Amino acid sequence: MQTPLNRTPAILGGPPAFAEQVPVARPTVPDGSALSSSVTEILRSGMLTNSCHVQAFEADIASYLGVEHVVAVSSCTTGIILLLRCSGVRGSVVVPSFTFMAAAHAADWNRLDVELADSDLRTWTVDPDSVTATLTASAGAVLAVHTYGAPCDVAALQAIADRRGIPLLLDAAHGFGAGYGDGQMVGTKGMAEVFSLSPTKPLSTGEGGLITTNDGALARELRIGREYGNPGDYNSRFIGLNGRMTEFAALLGRTALAEFPEWMQRRRTLAQRYARNLAHVPGVQFQQMRHGAVSSVKDLSIRVRPADFGLDRDCLAKCLAAEGISTRSYFNPPVHRQTAYRKVQPRAPLPATEELSATMLTLPLYSHMPTGVVDRICESLQRIHAAADLVAETTAAVSTSRRAS
Ligand SMILES: *Cc1c(COP(=O)(O)O)cnc(C)c1O
């Protein structure tokens, strides 16, 4: 009899684990009926953007995170562009190469040079020693990232930034709901943090971003910046942009925020289940958290070490795709290997970044995902590991015959 564990993997001709493709992420959203009367009100009011729902959303977020000022914007990318502009950063910005491209892009949009730092092989967040080594005389800011939702080493990074007298800015795109080791929430540190509310993030308004800061003067500048740099008299003080959030997005955000703690709890429980189910699979590693820190688990990512797992990351991804399981290779290529950055070479080799971008695999996770789906994904992965030798032989034979033909 075929039990789930000895069933032939789909890549070798067995039946796939899922008839319908499991997406890698899906936004968790409130029930639409809770929104419909407020949507009608917004439509009747004639105030479609940056009005009372945006103000209320900002206040709700500020009290949820425990931060003084929240500036809602149209996206995290827009938020980082505005933040770099309004904090007066000059020269270069140090960002990790092992991350999503938006932080580096935001620096370039401000005509700032991008300096790429390496990451840590255990925590997968930017390595403070590499940041120190990357800082040049012209460094104007450190822009760190809470990779996959795990808080980066903000204490070490703040000390580095303080020694140089430059701001620490945080791309918190992944980190809504995450907590630092000292009990404070992500969104409360550095000069400012910037969240994304795009559909793959733990809290989503379709599109959107939130800049959080305890610096009142900076918050005022950001509010002017998101209005083209126009403080209201049409005499623009600096080159801002339209970075406003719509009332519809803010309404969705407020309604979602009320349910968010429950969603986050569920997301963490699912992540723990993945970790438990895969704890004894050789060559599968999970992200290491700093003491006391809690991740928002924006992504459930594993590091696949081919020597122990028996297959490399790309081959495992193919095997999972055959089972109906979507994956992503976040972040591959890393920033310094992307075409847009071909002229930006790192000052030193980035060995951990190279290793991570070759071995990281993001598995499906969303807050309302059924527990049974996690279990079946884990079973598939174990089955693929158990058949690794045969899979490796078969795929090698296929690529040899392709080369021959
Ligand atoms: C998604 C993401 C962004 C960009 O967010 P948008 O809201 O889409 O602009 C920035 N940084 C990281 C690390 C991200 O994952």
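List, in order, the whole-Hz ³J(HN,Hα) value for each residue of segment 250-263 obtained from phi through the Karplus relation with A = 6.51, B = -1.76, C = 1.60 and θ = phi - 60°; use x for Gly and Pro.
Values per residue, Gly and Pro as x: 5, 4, 4, x, 5, 5, 5, 4, 4, 9, 4, x, 5, 4 Hz.
Quick one: what are the phi-derived ³J(HN,Hα) couplings along segment 34-41, Karplus 6.51/-1.76/1.60 with θ = phi - 60°, whole Hz, x for glycine and proline?
Computed from phi, the couplings for segment 34-41 are 5, 9, 5, 5, 5, 4, 4, 4 Hz.
Once you list every other residue whose beta carbon is under 11 Å from the beta carbon of P334, what net charge do they have if Lys and Arg are +1 and Asp and Glu are -1?
In short, -2.
Show me, bin by bin at 5 Å from 0, the whole-percent P(r) of segment 1-145 based on Cα pairs.
2, 7, 11, 11, 12, 11, 11, 10, 9, 8, 6, 3, 1, 0
How much accessible area per residue does segment 83-160 have, counting only protein heavy atoms and a probe of 1.4 Å, in square angstrom?
On the way: 2510 Å² over 78 residues.
For segment 83-160, the per-residue accessible area is 32 Å².
Going through segment 45-147, which GluC sites (Glu not before Pro) have at most 14 other Cβ atoms within 10 Å and a DSSP loop state?
Hits after loop and neighbour filter: E68.
If you wrap a convex hull around the C-alpha atoms of the chain and split its volume per residue, what is the figure in Å³?
164
Mind listing the phi-derived Karplus ³J(HN,Hα) values for segment 51-63, rounded to whole Hz, using 6.51, -1.76 and 1.60 with θ = phi - 60°, and x for any glycine or proline?
10, 5, 5, 5, 4, 5, 4, 4, 5, 4, 5, 4, 6
Beyond 17 Å, what share of the Cα-Cα pairs of segment 98-187 remains, rounded to the nearest whole percent?
That tail contains 47 percent of the Cα-Cα pairs.
On a C-alpha basis, how far is the centre of segment 252-331 from the centre of segment 143-182 in Å? Whole number, if you could?
21
Compute the signed sum of charges (Lys and Arg +1, Asp and Glu -1) over the other residues within less than 13 Å, Cβ to Cβ, of T136.
+1
Accessible area of segment 72-198 with a 1.4 Å probe: how many percent of it is carbon plus sulfur?
For segment 72-198, the apolar C and S fraction of the accessible surface comes to 51 percent.
Which of the listed residues, A352, V373, L390, is farthest toward the dipole's positive end in segment 261-405, when Lys, Arg count +1 and Asp, Glu count -1 at the beta-carbon?
A352
Using the crude model of +1 on Lys and Arg Cβ and -1 on Asp and Glu Cβ, and no other charge, please compute the dipole size for the chain relative to its Cα centre, in debye to 20.
520
Whose amide H sits under 5 Å from the amide H of E115, counting only residues 5 or more places off or on another chain, with H placed in the peptide plane?
Those qualifying (amide H under 5 Å, at least 5 residues apart or on another chain) are V93, V94, V95.
How big, in percent, is the set of alpha carbon pairs in segment 160-245 lying more than 20 Å apart?
Considering segment 160-245, 46 percent of its Cα-Cα pairs are separated by more than 20 Å.
Tell me the trypsin sites (Lys or Arg not before Pro) within segment 199-299 that lie in a loop according to DSSP and have at most 14 other beta-carbon atoms within 10 Å. All intermediate terms of the calculation are to be shown ahead of the outcome.
Working: sites: R220, R223, R226, R237, R244, R254, R266, R267, R268, R273, R276, R290, K298; in loops: R226, R237, R244, R290, K298.
Listed in order of number, the matching sites are R237.
The values are calculated or read from the model by the stated rules, or taken from the named source; none is laboratory data. What you are looking at is a predicted structure, and each value in this text was computed from that prediction instead of being measured. Reconstructed Cβ throughout: ideal geometry from the backbone, glycine too, with neighbour counts over all protein chains shown. Heavy atoms of the whole protein, side chains included, go into the accessibility calculation; ligands, DNA and RNA do not. Shrake-Rupley method; radii C 1.70, N 1.55, O 1.52, S 1.80 Å.
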